[in-house]
Each structure stands twice: as C-alpha cells, then as structure tokens.
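Please treat every number below as a calculation from the coordinates, not as lab data. On a predicted model such as this, the values are computed, not experimentally measured, just so you know. Counting neighbours? That spans all protein chains shown, and the Cβs are built from the backbone with ideal geometry, glycine included.
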C-alpha cells in the first residue's frame, strides 16, 4: 500500500491541498488494517512533517489504542495551527482518556476562549472538573452545555444528579434525575435514572416515592 500512495504532499507545492486529499483517500482505503494505515501515516509524515491534517488524522487513528501518541499528534497539529479547534477538542478528549484532567480543563478553556459557544467543550470540561472534584464548576459547565445544545440534556442532568448525590444535596439530585427522566423520551436510560432517583429519595426519607421509583426502574430495566 505504501507504494500506491505516490508522491507525498509538501507544504510549499502549489498542489499541496489536492495531494493531501488524494493521500488521505489512499490511507482511508486501508482502514481495515490499522497497522498498515498507521505505517502509511508515518511514511507520509516523514515526508510532510508540517502537514497539520496528517498529524490530526493520524491522531484520530491512534486515540482509541494509543492515547499518549494521539495527544502528541494533536499537539503537533496545534503547533502548526493554534486556532485548529478540532485538534484542540480532540486533544482535550484524549487527555481525559489519559486521566490528565487539569490539562484537559485548560485545553477546554482555551478552546472556549476562541469559540465561546462550543457545546462539546463545555461537556468535556464539565467531566474533567467533576473528576477534579470542582463540583460546582462542573455543574455550571454542564448547564452551559444544556443551554447551548439541548440534546445533551439527558446526559448532562444525569451527570449533575450524580455530582449532587456525591455532595449530599439529595433534594437537588432528585430534581436533576427527574428532569433527565422526563427528557429521556426514548427511555434508553430511564431504568438507570430511576435507580438513582430512588436512592436520592430514600436519603431524603421519602420512602414511598423511593419505592415507586425503584419499582419503575425494575419494570424499565431491559430483560435478558
């Protein structure tokens, strides 16, 4: 496959953009063999080290299996173009996988400085902040994500409820879980949400309501 890639792109060539697209198509054609695809990216990057898209796409290939190597590629893409929001977003996601929550938060803040209305950055930052036990900041970020992108509401209210449970704010947690349940029209997460709602209600001494939620959870749970 390496031979079929032809001439690698070079940034100073007039046809650079066309060559990058052709190279990308060639690489993607070998996606059924990740090892071969990775080798193709390394071959191409050795010849075009200043190509930010090659670094970005190689990082995407690596992120599930080798997050540290993927992060290095996303950093290189950002060095070449600091305003590359896709690379910064991917870097933040990869840092989450690596457990580097402080740096993930910093990358999200920088992304939001450049793109203040980017919902995925708020969602990623909220998760990182929760892992850092910055619970109130995490809740605020989740709420901002909901405001900007209501489709995140079920997952975000679920996460907020978990945080509030950890904080011992069971009344608020119950409200958050109930909001998530009401919005989960496809009932994909209703059973889990009802279990958590039942726990919060039990902690509040609302035993009958807790039992009702528990029964609903058991009825909603998928059968095997």
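Highest-first packing order for the peptide set 105-112, 142-149, 39-46 is 105-112, 142-149, 39-46, based on the mean count of other beta carbon atoms within 10 Å. Sorting the segments 199-207, 214-222, 171-179 by their mean number of nearby beta carbons within 10 angstrom, highest to lowest, gives 171-179, 199-207, 214-222. Over segment 41-137, the pair-distance histogram of Cα-Cα distances with 5 Å bins from zero comes to 3, 16, 25, 22, 18, 9, 5, 2, 1, 0 percent, rounded to whole numbers. List residues of segment 40-73, by number, whose backbone nitrogen lies under 20 Å from a label position 7 Å along Cα→C-beta of residue 149. In segment 40-73, the label zone of residue 149 (backbone N under 20 Å from the point 7 Å along Cα→Cβ) covers 57, 60-61, 63-64. For segment 166-224, the ratio of Cα radius of gyration to the globular rule of thumb 2.2 N^0.38 Å stands at 1.06. Spin-label model, residue 33/residue 102: points 7 Å from Cα along the beta carbon direction are separated by 4.4 nm.
Spin-label model, residue 136/residue 207: points 7 Å from Cα along the beta carbon direction are separated by 3.5 nm. What the Cβ-Cβ distance of residue 167 and residue 109 gives, at R0 = 22 Å and to the nearest 0.05, is a FRET efficiency of 0.45.
Relative contact order of segment 114-224, taken over Cα pairs closer than 8 Å and 6 or more residues apart, is 17 percent.
Whole-percent P(r), segment 138-184, all Cα pairs, 5 Å bins from 0: 5, 29, 32, 24, 9, 2.
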